[in-house]
Amino acid sequence: QVQLVESGGGLVQAGGSLRLSCAGSGRTFSRYAIGWFRQAPGKEREFVSAITWSGSTTYYADSVRGRFTISRDNAKNTVYLQMNNLKPEDTAVYYCAADLNGRTVVAGTTDYWGQGTQVTVSS
């Protein structure tokens with residue numbers, strides 16, 4: 001099993017940047033693919049980005065490609081989401097998720113989720 005804790009959210013003006021962190025517990029964290037999802041008020045949760053266990057492959061939603069960058073430091077058991085050129089429509093609670101199967105992470109059907117961190121982008 002793995003436990004996840006997100007941090008780094010906050011309030012930022014449009015065009016600004018934030019870096020989210022997803023810290024994982026356990027010595028097997030490096031074996032897990034990690035994904036980022038977000039949920040805005042009144043909307044369904046949506047996929048944002050994902051990274052394989054090795055970091056060799058990354059995935060992005062069309063809405064964030066070119067603005068967000070996912071990376072990981074397995075020595076620190078941490079995955080990062082660098083968010084640049086933020087827009088008001090990026091406002092949401094951001095969650096990280098983990099699974100040994102990368103497809104399960106991208107699909108959002110894993111059982112391992114963090115508690116979320118709020119990102120608010122003002123116009």
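One table, with the values for the structure above:
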read-out: Amide H contacts of Gln3 (H built 1.01 Å from N, under 5 Å, at least 5 apart or other chain); value: Ser25
read-out: Charge dipole magnitude, Cβ of K and R +1, D and E -1 - the chain, Cα centre, debye nearest 20; value: 240 debye
read-out: Amide H contacts under 5 Å for Gly116, placed H, 5+ residues apart; value: Glu6, Cys96
read-out: Dipole of the chain, positive end: most advanced residue of Pro88, Gly26, Ala61 [Cβ charges, Cα centre]; value: Gly26
read-out: Rough spin-label spacing in nm, given labels placed 7 Å along Cα→Cβ, for Arg27 and Ala14; value: 5.0 nm
read-out: Solvent-accessible area, 1.4 Å probe, carbon plus sulfur percent, for the stretch 1-79; value: 46 percent
read-out: Histogram of C-alpha separations across the chain, 5 Å bin width, %; value: 2, 13, 24, 26, 19, 10, 4, 1, 0
read-out: Theoretical ellipticity at 222 nm over the chain - DSSP helices of four or more residues, -39500 (n - 2.57) apiece, nearest 500; value: -1000 deg cm²/dmol
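The values are calculated or read from the model by the stated rules, or taken from the named source; none is laboratory data. Fair warning: this is a prediction, and the values are worked out from it, not measured in the lab. No Cβ is skipped: glycine too gets one built from the backbone with ideal geometry, and neighbour counts run over all protein chains shown. The protein model used for the area step is the full one, side chains on, heavy atoms only, and it has no ligands, DNA or RNA in it. Shrake-Rupley method; radii C 1.70, N 1.55, O 1.52, S 1.80 Å.
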